[in-house]
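S.K.: Below is a structure I'd like to ask you about.
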Amino acid sequence: MLNHMPPVGPVQAYKTYAVHSPLQSHFKEVPCQSVDCDAYAHGWITMVDVATELGRQQAGYIRNHSGRSFVVSELGTMVTFTFPAGQQCFQTHRVALEREPICSVRGGDWRAVTTPPRQMRTDDWVDDFANHQDRLKTRVERG
Amino acid sequence: MAKQTGLAWTTLTVEDADGSTARDIRNDVTDFEFATPRETQDVTGIDKSAMERLLLLADFSIKMHGVCNFGAVPSATAHGVFATVPSTSVQRTTVIGIGGKSLTNQVLYTDYAIKRDKNGELTYDVPGVLADGTVPTWA
């Protein structure tokens, strides 16, 4: 549960302007080289505790399925895998595709959606948002 | 068919905990939204004071959502900016800009929640509210 400030009015009294860039359509996964990944450049160390179920699974994955080369050392139940540089790390790197984001307007706020989202072109969204804010500002100034 | 502008988001900056250094966090934010009052709907009766309506009119909230990035240079990532949210209470100037227009807000962020879902995505949500009661306007 997020720590929100409670809004002053009921949910029907709000209108939400949203911008979405879904990972599936607006980002692409890239290899370590493309993002100057430190683990790729210098190598990295992964330590797992094989006393735990998670640790055993991680160690099993690294040994049997990861397809990466490593040097292994063990100290008690702690297993240290040292990966030399020049390999893809375990992180997923993403870069933005610089696409136009999906802009939408809907009724309600974070508590509920009162009218379904309406998708808009970015220019129209900015225009609509700007007009809306301008109306509110005028109302506030009028008192 | 409507013309496509092909615009990418040009500005999305949030200030650091020092309240003066703006950080560009576009790369780490995938979604954000503003909940604004609906001007046409008066929620207080006409017998109420105008003050209540004013409060509502100035009541904005913001939510950002993105992918965690614990980059090598923390100050250049959204994590570097938002990691101080739980420990500080500082108004952060937040600017969004697109198509030559920009919207500047003084925002008080109230949470920095990190979530790992079933398929391994590590994402965060940061809600905030307008801090100074000034209605943000596009410029």
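Values in this text are rule-based calculations from the coordinates and carry no lab data. What you are looking at is a predicted structure, and each value in this text was computed from that prediction instead of being measured. Heads up, the Cβs are rebuilt from the backbone with ideal geometry, glycines too, and the neighbour counts pull from every protein chain shown.
S.K.: In degrees between 0 and 90, to the nearest 10, how far off the longest principal axis of chain A does helix A:53-64 point, with axes built from Cα atoms?
M.R.: Roughly 70 degrees, rounded to the nearest 10.
S.K.: I would also like to ask the following. Per residue of B:122-134, what is the mean number of Cβ atoms on other protein chains within 10 angstrom of that residue's Cβ? Present the calculation step by step, with values, prior to reporting the outcome.
M.R.: Details: counts 2, 1, 0, 2, 1, 5, 2, 4, 1, 0, 0, 1, 2.
So the per-residue partner count for this stretch is 2.
S.K.: Do any cysteines in chain A lack another Cys Cβ under 4.7 Å, and if so which?
M.R.: A:Cys89, A:Cys103
S.K.: Then there's this: Would you mind getting me the FRET efficiency between A:Asn64 and B:Glu121? Use the beta-carbon distance for r and R0 = 30 Å, nearest 0.05.
M.R.: Values: r = 25 Å, r/R0 = 0.82.
The calculated FRET efficiency here is 0.75.
S.K.: Something else about it: Using label points projected 7 Å from each Cα along Cα→Cβ, tell me how many nm separate A:Gln119 and A:Met1, to one decimal.
M.R.: 3.5 nm
S.K.: Would you mind calculating the relative contact order of chain A from Cα pairs under 8 angstrom and at least 6 residues apart, reporting the percent as a whole number?
M.R.: Details: 178 pairs, mean separation 44.1, N = 143.
With pairs under 8 Å counted, the relative contact order is 31 percent.
S.K.: A follow-up question, please. Around B:Thr93, which amide H atoms from residues at least 5 apart in sequence, or from another chain, sit under 5 Å from its own amide H, with H modelled in the peptide plane?
M.R.: Amide H neighbours of B:Thr93, under 5 Å, 5+ apart: B:Glu15, B:Val107.
S.K.: Hey, could you get me the Stokes-Einstein D for segment A:30-89, Kirkwood radius over alpha-carbon pairs, 10 °C and 1.306 mPa s, rounded to whole µm² s⁻¹? Numbers along the way, then the final one.
M.R.: Values: Rh = 12.1 Å.
Value of D from the Cα-based Kirkwood radius: 131 µm²/s.
S.K.: Okay, moving on. Report the charge-dipole magnitude of chain A in Debye, nearest 20, computed about the Cα centre from +1 at each Lys and Arg Cβ and -1 at each Asp and Glu Cβ. Write out the running numbers ahead of the final one.
M.R.: Values: 15 positive and 15 negative charges, 99 e Å.
With Lys and Arg at +1 and Asp and Glu at -1, about 480 debye.
S.K.: Shape of chain A from its Cα gyration tensor (a ≥ b ≥ c, root eigenvalues): rounded if a/c is under 1.5, otherwise prolate when a/b > b/c, or oblate?
M.R.: Working: a/c = 3.83, a/b = 2.40, b/c = 1.60.
Judged from the Cα gyration tensor, chain A comes out prolate (a/c at least 1.5, a/b above b/c).
S.K.: Now for a separate question. Suppose only helical runs count, i.e. DSSP H with n ≥ 4. What mean residue ellipticity at 222 nm does that imply for chain A under -39500 (n - 2.57) per run, divided by all residues and rounded to the nearest 500 deg cm²/dmol? Working shown, then result.
M.R.: Numbers: 4 runs with 42 residues, N = 143.
Rounded to the nearest 500, it is -9000 deg cm²/dmol.
S.K.: Under a GNM of chain A (C-alpha, springs under 10 Å), which listed residue has the highest mean-square fluctuation: A:Ser66, A:Ser21, A:Ser104?
M.R.: In the Gaussian network model the winner is A:Ser66.
S.K.: A further question on this structure: Tally Lys/Arg at +1 and Asp/Glu at -1 over every other residue whose Cβ is under 10 Å from the Cβ of B:Val81; what's the total? Could the numbers behind the result be given before it?
M.R.: Details: positive: B:Arg23, B:Arg92; negative: B:Glu15, B:Asp16, B:Asp24, B:Asp28.
Cβ neighbours under 10 Å give a net charge of -2.
S.K.: Same structure again: Please give the FRET efficiency for A:Ala51 paired with B:Thr10, using the beta carbon to beta carbon distance and R0 = 41 Å, rounded to the nearest 0.05. If you can, show how the numbers build up before the last one.
M.R.: Details: r = 51 Å, r/R0 = 1.24.
Using R0 = 41 Å, I get an efficiency of 0.20.
S.K.: Under 1.5 on a/c is rounded, so check that first for the protein assembly as shown, then, if it is not, pick prolate when a/b is larger than b/c and oblate when it is not; a ≥ b ≥ c are the square roots of the alpha carbon gyration tensor eigenvalues. Walk me through the numbers on the way to the answer.
M.R.: Values: a/c = 2.55, a/b = 2.08, b/c = 1.23.
It comes out prolate by the Cα gyration axes.
S.K.: Kindly express, to the nearest 10 degrees and within the range 0 to 90, the angle between helix A:122-142's C-alpha long axis and the longest C-alpha principal axis of chain A.
M.R.: Rounded to the nearest ten degrees, it is 50.
S.K.: For A:Leu2, A:Leu23, what ranking results if the residue with the fewest other Cβ atoms within 10 Å of its Cβ goes first?
M.R.: Details: A:Leu2 13, A:Leu23 17.
With the fewest neighbours first, A:Leu2, A:Leu23 line up as A:Leu2, A:Leu23.
S.K.: Separate question: With r as the distance between the Cβ atoms of B:Thr93 and A:Gln12 and R0 = 25 Å, compute the FRET efficiency 1/(1 + (r/R0)^6) and round to 0.05. Kindly include the intermediate steps, with their values, before the conclusion.
M.R.: Working: r = 30 Å, r/R0 = 1.22.
Given R0 = 25 Å and the Cβ-Cβ separation, E is 0.25.
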